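Undergrad: Mind having a look at this structure? Questions to follow.
The values are calculated or read from the model by the stated rules, or taken from the named source; none is laboratory data. Remember, it's a predicted structure, so these values are computed and weren't measured experimentally. Here the Cβ is made from the backbone with ideal geometry for all residues, glycine too, and neighbour counts use every protein chain on show.
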Amino acid sequence: MSAAIELSGIVKAYGDQRALDGVDMALPENAYISLLGPSGSGKTTLLRVIAGFEAPDRGRVLFGGRRIDGLAPHQRGIGFVFQNFALFPHLSVAGNIAFGLEQREKDPVTDPAKVKARVREMIALVGLSGLEDRAVIQISGGQRQRVALARTLVTEPNMVLLDEPLGALDANLRARMRGELRSIRERCGVTFLHVTGSETEALAMGDQVLVLDRGRIAQASPSGELYSNPASPAVARFLNCYNVLTGRPEKGVFHTAAGRLPLGSHLRPAAEAAYAIRYDRIDVRPLGAPIAEDEARFEGTFLASEYSGSAVNSFFNLDDGQVFEVEAHLSRKQPETYQEHGRYALVWKREDALVFA
Ligand SMILES: Nc1ncnc2c1ncn2[C@@H]1O[C@H](COP(=O)(O)OP(=O)(O)OP(=O)(O)O)[C@@H](O)[C@H]1O
């Protein structure tokens, strides 16, 4: 797959705050890419640099092999969908979508018949047929989201940037719109770069996920790989599905404040030493239950369990006070109930742990 867009060495500072601190990335054509990162990691700034609303202090932006960092936003052929949709409240659904086409600086379409035909096509693409003449204040949040997307797509961008596009929707609608956005993208065949602070959204939406951490790309992976293969302790923490313990490896043992853990065979080179074990790889057993040769074990005091539809997450206090989380998927087994303040053995396979050293 050839690259739609390539960034190299992008730096953008506000005063002495570096919002982007040397971003290198290449996005494939015709793909759904999620850009995930904690609040303040630089996601919006990165989109604004790609769109041309902000000029980088350093670095290059190439689109289809051509440098675009000197071009004005409207010359880049890149669409932008804002979190709050930014629709015109006094215009109808069709009026909002037509606006993008009639008013664009490059090649505006002025023939009313052509505008009408293009708008009708876009309305069908985003599934709003029948609502053409409705005022945008008389439609639902999800429908407004689709109008915002259609207004961008009608201009035939080569790429679409979406800044937390589902952030303003309630949880049910958000889940439905994920599938909608993916299928709309497939139908129009351009790359979508979707910014989100939610790891579940990023993994559900993206063919590929980029993780931004303090203004740098910490990882770029196919979404299936990110969960099982975080590149650093920071990414593992941010994914919210790993217990990450700090400490140091020494002679086959990882020393942490909560105790010592025997190591498996594989250590991952990283700037920070840490031991990470996924919530759903841990088994909870009675304190005296034996463990196998290839397993590791901590003891913990049960704190609480939390049900979330398809899983139950249980929290245990380790001996140093740190909270350890265990996830059991309900499709696989009946949830266990644990005794309040009871002591349990938390057991996992050594090879399931990711050890950064
Ligand atoms: N116009 C600005 N002036 C000064 N500082 C800014 C400006 N825009 C962003 N920043 C700072 O740059 C950093 C990155 O901000 P940015 O909005 O890109 O992060 P983000 O990952 O999109 O965050 P969020 O998820 O909270 O929207 C932050 O520390 C922010 O305070």
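Undergrad: Looking at the stretch 312-335 only, could you name the residues that are in contact (Cβ under 8 Å) with a residue 24 or more places away in the chain and under 14 Å from ASP280 (Cβ atoms)?
TA: Answer for the stretch 312-335, where residues must be in contact (Cβ under 8 Å) with a residue 24 or more places away in the chain and under 14 Å from ASP280 (Cβ atoms): ASN313, SER314, PHE324, GLU325, VAL326, GLU327, ALA328, HIS329, PRO335.
Undergrad: Among the residues of the stretch 1-55 satisfying the criterion of being among the acidic types (Asp, Glu) and either under 16 Å from LEU210 (Cβ atoms) or not assigned by TED's automatic domain parsing to the domain that holds MET205 (or both), which is nearest to the ligand (Cβ to nearest atom)?
TA: ASP21
Undergrad: Moving on. As an exercise: evaluate ASP69 against (1) within 13 Å of the ligand (Cβ to nearest atom); (2) in contact with a Pro (Cβ under 8 Å, 6 or more places away or on another chain); (3) of a type in the set (D, E, K, R) and give the number of the one condition it does not meet.
TA: Checking ASP69 against (1) within 13 Å of the ligand (Cβ to nearest atom); (2) in contact with a Pro (Cβ under 8 Å, 6 or more places away or on another chain); (3) of a type in the set (D, E, K, R), the one that fails is (1).
Undergrad: Follow-up question, since we're still on this one. Before we move on, is ARG58 near the ligand (Cβ under 8 Å from one of its atoms) and either in contact (Cβ under 8 Å) with a residue 24 or more places away in the chain or surrounded by 15 or more Cβ atoms within 10 Å (Cβ to Cβ) (or both)?
TA: It is false that ARG58 is near the ligand (Cβ under 8 Å from one of its atoms) and either in contact (Cβ under 8 Å) with a residue 24 or more places away in the chain or surrounded by 15 or more Cβ atoms within 10 Å (Cβ to Cβ) (or both).
Undergrad: Among the residues of the stretch 111-160, how many are part of a helix (DSSP H, G or I), β-branched (Val, Ile, Thr), over 19 Å from ARG174 (Cα atoms) and within 28 Å of the chain's Cα centre (by Cα)?
TA: 2
Undergrad: Return the pair list, or none, for Cβ contacts closer than 9 Å from residues in the stretch 117-128 that are assigned by TED's automatic domain parsing to the domain that holds ILE184 and surrounded by 14 or more Cβ atoms within 10 Å (Cβ to Cβ) to residues that are basic (Lys, Arg) and part of a loop (DSSP other than H, G, I, E, B), at least 6 apart or on different chains.
TA: Close Cβ pairs satisfying both conditions: LEU128/ARG134.
Undergrad: Consider GLU102 against the criteria (1) at pLDDT 95 or above; (2) of a type outside the set (A, V, I, L, M); (3) surrounded by fewer than 19 Cβ atoms within 10 Å (Cβ to Cβ); (4) in contact with a Ser or Thr (Cβ under 8 Å, 6 or more places away or on another chain): it satisfies all of them except one. Which criterion is unmet?
TA: (1)
Undergrad: Among the residues of the stretch 293-311, write down those that are in contact (Cβ under 8 Å) with a residue 12 or more places away in the chain and of a type in the set (Ser, Thr, Tyr).
TA: THR301, SER305, TYR307, SER310
Undergrad: Answer with yes or no whether LEU169 is touching a Leu at 6+ places or on another chain (Cβ under 8 Å), more than 28 Å from LYS114 (Cβ to Cβ), in the same structural domain as PHE99 (by TED's automatic domain parsing) and not β-branched (Val, Ile, Thr).
TA: It is false that LEU169 is touching a Leu at 6+ places or on another chain (Cβ under 8 Å), more than 28 Å from LYS114 (Cβ to Cβ), in the same structural domain as PHE99 (by TED's automatic domain parsing) and not β-branched (Val, Ile, Thr).
Undergrad: If I ask for residues that are farther than 19 Å from GLU6 by Cβ and more than 13 Å from the chain's Cα centre (by Cα), which ones from the stretch 179-224 would you list?
TA: Scanning the stretch 179-224 gives GLY179, GLU180, LEU181, ARG182, SER183, ILE184, ARG185, GLU186, ARG187, CYS188, GLY189, ARG214.
Undergrad: Under the condition of being more than 13 Å from the ligand (Cβ to nearest atom) and either free of Cβ contacts under 8 Å to residues at least 24 places away in the same chain or of a type in the set (Asp, Glu) (or both), which residue from the stretch 160-198 is nearest to LEU128 (Cα to Cα)?
TA: GLU180
Undergrad: For TYR242, are the conditions met, namely being crowded, with 21+ Cβ neighbours inside 10 Å and either farther than 30 Å from ARG260 by Cα or more than 15 Å from the ligand (Cβ to nearest atom) (or both)?
TA: So TYR242 passes the test.
Okay, residues lined up against (1) in contact with a helix residue (DSSP H, G or I) (Cβ under 6 Å, 6 or more places away or on another chain); (2) free of Cβ contacts under 8 Å to residues at least 60 places away in the same chain; (3) of a type in the set (A, V, I, L, M):
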position	(1), (2), (3)
ALA72	no, yes, yes
ALA86	no, no, yes
PRO89	yes, yes, no
VAL93	yes, yes, yes
GLN103	no, yes, no
THR110	no, yes, no
GLN138	no, yes, no
ALA148	no, no, yes
THR155	yes, no, no
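Undergrad: Can I ask one more? In the stretch 260-304, what count of residues is obtained for those that are assigned to a strand (DSSP E or B), exposed (fewer than 15 other Cβ atoms within 10 Å of the Cβ) and not charged (D, E, K, R)?
TA: 4
Undergrad: Please pick out the residue among PHE99, PHE63 that is assigned by TED's automatic domain parsing to the domain that holds ARG176, away from the ligand (no atom under 16 Å from the Cβ) and touching a residue at least 60 places away in the same chain (Cβ under 8 Å).
TA: PHE63
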